[in-house]
Structures are given as structure tokens and as C-alpha cells.
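Undergrad: Okay, handing you the structure first.
The values are calculated or read from the model by the stated rules, or taken from the named source; none is laboratory data. Computed from a predicted model, the values in this text were never measured in an experiment. We place every Cβ from the backbone using ideal geometry, glycine too, and count neighbours over all the protein chains shown.
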């Protein structure tokens with residue numbers, strides 16, 4: 001049974017058994033439920049003497065949360081992607097490779113795109129993420145948001161795949177003699193970007209083991 | 001400073017450094033406009049080279065001494081730089097080769113390229129063509 005179902009069934013049973021709302025919230029708080037979860041589950045039932053308890057209609061998944069975290073993780077994805085592309089182009093420029101036949105104008109255009117996306121999406125991600133961190137500190141129940149957990153784990157998954165792929169490709173390059181300075185620099189960029197994201201979100205998703 | 005903000009500060013720092021370095025390398029809007037003008041000039045040089053070939057074709061396969069509009073090749077071709085009004089340089093190198101040159105503003109951003117019998121060299125701003133008939 002999911003925690004949300006558990007608490008809903010418990011509140012229903014307690015109300016049907018004639019327990020007062022104060023008693024129920026005290027019992028739930030002792031069990032470690034967050035204040036917003038307690039008030040949410042109590043508010044799911046109308047405060048009346050009618051028995052059995054009368055349910056209130058409620059939204060199934062928070063659309064607002066889906067918008068907020070969707071935007072946040074899209075911004076993170078764009079930032080990570082374009083940070084890597086921009087760094088790759090800079091490395092290509094500083095460590096020229098004669099076998100590289102890509103036109104210079106193409107690299108310049110790509111860099112302009114990356115700079116533009118970083119200027120838009122990096123501050124957006126930082127603002128949304130700061131807000132998420134602050135809200136979680138005020139109300140720990142927020143970190144149990146299913147939407148947030150899912151986006152967090154998907155990010156973690158992509159970061160892990162990038163890190164493993166990076167390592168795999170480095171070994172392949174070593175074996176085929178392509179382990180140039182240019183390649184090493186690019187691998188380091190991928191490792192740093194994916195590494196920061198990985199450690200950040202592994203910490204974030206590990207905070208609450210009891211959720212979902 | 002709270003430790004939970006550390007990754008965010010790290011990301012912000014890396015992004016700011018990358019954007020600044022990137023801007024230094026690609027240059028601002030002025031550099032972008034220079035590149036656009038250079039692209040137009042390079043396109044003109046290509047048009048000009050095929051124009052010269054057309055003129056030579058209509059003159060018993062001999063390359064012209066200098067450039068000028070002629071009746072038989074009445075295509076729309078610019079003989080001078082549209083931005084500075086300086087005429088493009090035309091130099092016959094040999095009976096079977098010539099070059100057309102423009103003054104580029106940002107040669108570093110242009111690419112050395114070659115089409116069939118043409119070769120463009122950004123550092124000199126010259127398109128060298130071999131004329132074989």
C-alpha cells in the first residue's frame with residue numbers, strides 16, 4: 001500500500017471510529033508524518049458529524065508541481081547539454097586537430113546557440129532550484145512529492161548513464177590509441193558536469209527513504 | 001553559507017566562466033555582423049568566378065584582362081564590395097588560372113574551402129580558380 005493510501009485509510013477509520021481531529025493529527029505527527037500531509041489527509045474529509053466520514057473531491061496529481069519540476073529539470077537538462085557543447089567547442093579551438101574538417105563558422109554558430117541557451121536556462125534552473133530547496137526546508141513534506149521524485153530519479157539515471165558511457169568511451173579510446181589531450185579534456189568536462197548533477201541529486205533523492 | 005547551496009554555486013560559477021570565455025572567443029554582435037558581411041563577400045566571389053568563366057567561354061576560352069559587365073553574360077553580379085564599395089580584385093595568374101579577392105573583416109571565422117576547380121583561402125581573402133577548357 002502506498003503511504004498516501006495508508007494515511008487516507010487510517011484517517012478514514014479513525015474518523016469513523018469517532019476520534020477527534022486533534023487526536024488524529026497528534027497520532028500522525030508522532031508517527032513522523034509532515035504537517036502538510038496530516039492537514040491534507042484530514043481535509044480530504046468534511047468536518048461534520050455525519051458518519052461515515054464524507055470525502056471531499058480532490059485533484060489526483062498536482063498539475064502545479066508537474067509544471068514546476070518539469071520546468072526545473074528541463075532547464076537543468078538544457079544547461080548541462082549546452083555547457084558541455086560550449087566546452088567541447090572551446091576545447092576544439094584550443095587544442096586543434098588537423099583531421100578536424102568542420103568549418104570554423106559552424107563552430108562559431110554552435111557556440112552562439114550554446115551561450116544563448118545558457119543565458120536563458122542556467123539562471124532559470126538556479127532560481128527554481130533555490131525555491132525548491134527553500135520550500136523543502138520550510139515544509140519537509142514537499143520532498144515526498146511523487147512528481148519531484150520521478151524527475152529526480154530520471155535525472156540521476158541520465159547522469160549515471162553519461163558517466164558510465166564516458167568511462168566506457170575513454171577505455172575504448174585508450175585501446176584504439178585515440179587518447180589525445182583533446183579527448184581527455186572532453187572526458188573531464190562530461191565527468192565534471194554529470195558528476196555535479198549525480199552527487200547533488202543522489203543526496204536529494206536519498207534524503208527521504210520513506211517516500212513514494 | 002549553507003552546504004546545500006554548494007552544488008548550485010558550483011554550477012553557477014562554471015556557467016558564468018563558460019559563457020564569458022565563449023563570448024570572448026566568438027565576439028559580440030559586432031563580430032557576428034562582420035561574419036555575415038564576410039559571408040556575403042565570399043558568395044560574391046563565387047558568383048564572380050563563375051562570371052569570369054562565362055566571359056572567358058564567350059571569348060574563345062581566353063580569360064579577360066579586367067572585369068566589366070558584358071552582354072553575353074548578363075547575370076546579376078556585384079563587381080565591388082556592397083558594404084565598402086571597394087571593387088573586388090581580379091587577377092589573371094596564367095592563361096588557365098585567375099583569382100578574385102575581397103577584403104575580409106574577420107578572416108579567422110571564415111573557412112578554407114574548395115569546390116571543384118576553386119579554392120578559397122580566408123587569410124588572403126582570395127578565391128583561386130583554374131580555368132581548363
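Undergrad: Can you confirm whether region B:90-111 contains a residue that is more than 28 Å from residue A:106 (Cα to Cα), in a loop (DSSP other than H, G, I, E, B) and in contact with a strand residue (DSSP E or B) (Cβ under 8 Å, 6 or more places away or on another chain)?
TA: For region B:90-111, residues more than 28 Å from residue A:106 (Cα to Cα), in a loop (DSSP other than H, G, I, E, B) and in contact with a strand residue (DSSP E or B) (Cβ under 8 Å, 6 or more places away or on another chain): present.
Undergrad: While we're here: Does region B:18-40 hold any residues that are closer than 25 Å to residue A:189 by Cβ, more than 8 Å from every other protein chain (Cβ to nearest Cβ) and surrounded by 12 or more Cβ atoms within 10 Å (Cβ to Cβ), and which are they?
TA: B:27, B:31
Undergrad: Show the residue pairs that are 6+ apart or on different chains and have beta-carbon atoms under 7 Å apart, the first residue being within region A:87-107 and within 11 Å of another protein chain (Cβ to nearest Cβ), the second being modelled with pLDDT under 80 and surrounded by fewer than 17 Cβ atoms within 10 Å (Cβ to Cβ).
TA: Filtered contacts from region A:87-107: A:92/A:100; A:103/B:111; A:104/B:111; A:105/B:111.
Undergrad: Are any of the residues in region B:115-128 touching a strand residue (DSSP E or B) at 6+ places or on another chain (Cβ under 6 Å), in a loop (DSSP other than H, G, I, E, B), buried (at least 18 other Cβ atoms within 10 Å of the Cβ) and in contact (Cβ under 8 Å) with a residue 24 or more places away in the chain?
TA: As a first pass, look at region B:115-128 and keep what is touching a strand residue (DSSP E or B) at 6+ places or on another chain (Cβ under 6 Å): B:117-120, B:125-128.
Subset that is in a loop (DSSP other than H, G, I, E, B): B:117, B:125.
From what's left, buried (at least 18 other Cβ atoms within 10 Å of the Cβ): B:125.
Of the ones still in play, those that are also in contact (Cβ under 8 Å) with a residue 24 or more places away in the chain are B:125.
There is at least one residue in region B:115-128 that is touching a strand residue (DSSP E or B) at 6+ places or on another chain (Cβ under 6 Å), in a loop (DSSP other than H, G, I, E, B), buried (at least 18 other Cβ atoms within 10 Å of the Cβ) and in contact (Cβ under 8 Å) with a residue 24 or more places away in the chain.
Undergrad: Which helices (runs of 4 or more DSSP H) sit wholly inside region A:19-113 and have at least 2 residues that are modelled with pLDDT under 85? So that I can check it myself, show each step before the final result.
TA: Details: elements: A:21-30, A:35-43, A:63-94.
Of the helices (runs of 4 or more DSSP H) lying wholly inside region A:19-113, those with at least 2 residues that are modelled with pLDDT under 85 span A:35-43, A:63-94.
Undergrad: Considering only residues of region B:91-124 that are in contact with a helix residue (DSSP H, G or I) (Cβ under 8 Å, 6 or more places away or on another chain) and under 12 Å from residue B:46 (Cα atoms), which is nearest to the other protein chains (Cβ to nearest Cβ)?
TA: Filtering region B:91-124 for residues that are in contact with a helix residue (DSSP H, G or I) (Cβ under 8 Å, 6 or more places away or on another chain) and under 12 Å from residue B:46 (Cα atoms), the one nearest to the other protein chains (Cβ to nearest Cβ) comes out as B:120.
Undergrad: Still on this model: Given the residues B:76, B:81, which is the only one that is more than 17 Å from the chain's Cα centre (by Cα), under 27 Å from residue A:105 (Cβ atoms) and more than 14 Å from chain A (Cβ to nearest Cβ)? Reasoning before the result, please.
TA: Details: B:81 fails: more than 17 Å from the chain's Cα centre (by Cα).
Residue meeting the stated conditions: B:76.
Undergrad: Does residue A:156 satisfy the condition of being loosely packed, with under 13 Cβ neighbours inside 10 Å, out of contact with any strand residue (DSSP E or B) (no Cβ under 6 Å at 6 or more places or on another chain) and in a helix (DSSP H, G or I)? Let's see the steps before the verdict.
TA: Working: loosely packed, with under 13 Cβ neighbours inside 10 Å: no; out of contact with any strand residue (DSSP E or B) (no Cβ under 6 Å at 6 or more places or on another chain): yes; in a helix (DSSP H, G or I): yes.
Spelling it out, it is not the case that residue A:156 is loosely packed, with under 13 Cβ neighbours inside 10 Å, out of contact with any strand residue (DSSP E or B) (no Cβ under 6 Å at 6 or more places or on another chain) and in a helix (DSSP H, G or I).
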